[in-house]
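Single-structure report; data block below.
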Amino acid sequence: MKTTRMTLCAIWLSAALCTACKRNSESDDGQASAQQQKPTEQADSETTITGLDGEWQTDSDGNAIPDFIEKELGYDPAHEDCRPDSTCGEGIPGRDLDLRVNTLLMLDASGSMAARLGNVSKIDIAKMSLLKYASSVPESIRLGLLVYGHKGNNGQSGKAESCAGIEIMAPIGSLGDSNAQTVINRFSPTGWTPIGASLEMAKQSFNADMKGRNRIIMVSDGIETCGGDPVKVARELHNSGFAITIDIVGFNVPGNDARQLKKIAEAGGGIYFDARTQSALDTYFQEQNRAAAKTWEAAICYAEAFNKTWLCDAAMVQKAFRVVNSERQAAQSAGNNDKAEALNEVRALIDKKHQERKKERKTVQEKWRKLSKDAFEINQKTLKAYGKLRRS
């Protein structure tokens with residue numbers, strides 16, 4: 001089977017799901033951000049503190065640590081040693097380190113999924129994509145699979161069994177590269193389409209102990225045919241304590257049916273993407289994969305740069321305090337109270353500048369939280385852009 005036919009949900013889900021996730025950036029010390037920060041406004045290179053020699057008065061980089069101390073400690077007094085040296089790139093925002101996303105894939109296995117797009121059935125495309133995706137997602141994406149329409153038959157004699165034939169093939173957190181092949185071989189496209197009842201069962205996959213974001217991604221080629229009210233159920237799920245987001249990918253869905261699927265996605269706080277051709281699907285999913293990769297790369301970059309900055313700044317200040325405290329104790333022992341008091345001023349000024357830099361990190365933290373939300377919604381932005389495919 002061609003590689004392009006294996007990319008249906010795999011690449012899209014990789015971007016949609018990797019964005020994610022519970023924020024653990026409540027404290028300044030626990031954050032990770034590599035956004036280029038503006039240096040603190042530099043003070044005059046010569047500060048005046050009465051009672052101290054000239055070497056104590058010179059601070060070239062404005063961090064309140066005298067140049068001679070920075071030199072002794074191995075820092076460059078003419079340069080802010082504890083600033084990120086580079087940015088983490090442009091384009092896709094970064095996100096916080098907690099990337100966990102609890103994701104239930106809902107796959108339509110009704111009889112119509114046996115139809116073909118080109119030379120391959122819809123269900124085979126979906127299955128191959130699932131395999132590819134399960135083998136490539138990061139550990140932070142906890143996957144599960146629910147299938148409906150795979151029991152009974154698509155005639156009246158099999159309707160009752162089919163409408164009740166909803167099965168959680170893999171609970172969230174149990175689906176991965178090692179078992180995906182076995183799981184997808186357990187069903188074939190057969191019967192009716194119980195979307196409402198399937199969403200009801202889907203709620204059982206989420207619980208209050210799960211940390212991170214909760215998401216359902218449903219792949220379907222048609223509307224509810226078992227008498228359920230999927231729009232109502234989707235709204236209830238989204239407004240529940242689990243705040244589940246529901247996104248829907250449609251396979252070559254007719255106009256009237258697409259409108260219902262779109263209403264379900266909107267009620268679930270998500271987006272509906274209507275793909276009418278395999279080529280459109282492949283193009284879209286490939287773009288999403290590139291976006292996800294860039295987002296992940298930026299997140300790591302932010303983490304490394306921020307941690308380096310914070311650790312560097314804290315270490316430098318503590319070392320400077322030790323030098324100043326030692327000099328102050330020596331002054332006190334020598335009875336030079338004026339110098340000891342002046343050194344207290346130096347220490348206070350170093351701490352003041354240190355606190356200003358911490359406030360800068362708080363500002364970056366607020367920006368980082370916004371970027372987290374932007375990255376989480378990247379799939380929705382892309383879906384909107386590709387909505388033009390419906391009109392092509």
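Of all residues in segment 220-238, those that are within 13 Å of GLN260 (Cα to Cα) and of a type in the set (D, E, K, R) have Cβ atoms under 6 Å from Cβ atoms of residues that are open to solvent by 10 Å² or more (accessible area, probe 1.4 Å) and part of a helix (DSSP H, G or I), 6 or more apart or on another chain, in ASP221/SER112; ASP221/LYS122. As a summary of the residue check, ILE69 satisfies the conditions (1) buried (at least 17 other Cβ atoms within 10 Å of the Cβ); (2) modelled with pLDDT of 85 or more; (3) of a type in the set (A, V, I, L, M, F, W, C); (4) touching a strand residue (DSSP E or B) at 6+ places or on another chain (Cβ under 9 Å) except for the one numbered (4).
Considering segment 322-352, and only residues there that are open to solvent by less than 30 Å² (accessible area, probe 1.4 Å) and within 13 Å of ASN63 (Cα to Cα), the residue that is nearest to the chain's Cα centre (by Cα) turns out to be ILE350. Inspect all residues belonging to segment 272-282 and state whether any of them is surrounded by fewer than 19 Cβ atoms within 10 Å (Cβ to Cβ), in a loop (DSSP other than H, G, I, E, B) and modelled with pLDDT under 90. Looking through segment 272-282, at least one residue is surrounded by fewer than 19 Cβ atoms within 10 Å (Cβ to Cβ), in a loop (DSSP other than H, G, I, E, B) and modelled with pLDDT under 90. Scanning segment 173-191 for residues that are open to solvent by 20 Å² or more (accessible area, probe 1.4 Å), under 23 Å from GLY228 (Cβ atoms) and touching a strand residue (DSSP E or B) at 6+ places or on another chain (Cβ under 9 Å) yields a total of 1. In this structure, does LYS122 turn out to be of a type in the set (D, E, K, R), under 13 Å from ASP108 (Cβ atoms), open to solvent by less than 70 Å² (accessible area, probe 1.4 Å) and touching a Phe, Trp or Tyr at 6+ places or on another chain (Cβ under 6 Å)? It is true that LYS122 is of a type in the set (D, E, K, R), under 13 Å from ASP108 (Cβ atoms), open to solvent by less than 70 Å² (accessible area, probe 1.4 Å) and touching a Phe, Trp or Tyr at 6+ places or on another chain (Cβ under 6 Å). If the condition is being under 29 Å from the mean Cα position of the chain (by Cα) and over 17 Å from ALA202 (Cα atoms), then segment 150-179 contributes GLY176, ASP177, SER178, ASN179.
One residue stands out among those in segment 237-257 that are outside any loop (DSSP other than H, G, I, E, B) and modelled with pLDDT of 85 or more: the one that is surrounded by the fewest Cβ atoms within 10 Å (Cβ to Cβ), which is ASN239. Residues of segment 134-150 that are surrounded by fewer than 20 Cβ atoms within 10 Å (Cβ to Cβ) and in contact (Cβ under 8 Å) with a residue 12 or more places away in the chain: SER135, SER136, PRO138, SER140. When ALA164, ALA160 are checked against the criterion of being closer than 23 Å to GLY111 by Cα, open to solvent by 60 Å² or more (accessible area, probe 1.4 Å) and without any contact (Cβ under 8 Å) to a residue 24 or more places away in the chain, ALA160 stands alone in meeting it. So for segment 100-107 (the condition being in a loop (DSSP other than H, G, I, E, B), modelled with pLDDT under 90 and under 27 Å from ILE172 (Cα atoms)), does at least one residue qualify? Scanning segment 100-107 turns up at least one residue that is in a loop (DSSP other than H, G, I, E, B), modelled with pLDDT under 90 and under 27 Å from ILE172 (Cα atoms).
Every condition in (1) open to solvent by 50 Å² or more (accessible area, probe 1.4 Å); (2) in contact (Cβ under 8 Å) with a residue 40 or more places away in the chain; (3) out of contact with any helix residue (DSSP H, G or I) (no Cβ under 7 Å at 6 or more places or on another chain) holds for ASP209 except the one numbered (2). Taking residues in segment 254-282 that are farther than 17 Å from ILE123 by Cα, and partners anywhere that are open to solvent by less than 10 Å² (accessible area, probe 1.4 Å) and modelled with pLDDT under 80, the pairs with Cβ atoms closer than 6 Å and at least 6 places apart or on different chains are ALA258/ASP274; ILE271/LEU383; PHE273/LEU383.
The values are calculated or read from the model by the stated rules, or taken from the named source; none is laboratory data. Fair warning: this is a prediction, and the values are worked out from it, not measured in the lab. A quick note on method: Cβ atoms are made from the backbone with ideal geometry, for glycine too, and the neighbour counts reach across all protein chains shown. Ligands, DNA and RNA are excluded from the accessible area calculation, which covers all protein heavy atoms including side chains. Shrake-Rupley method; radii C 1.70, N 1.55, O 1.52, S 1.80 Å.
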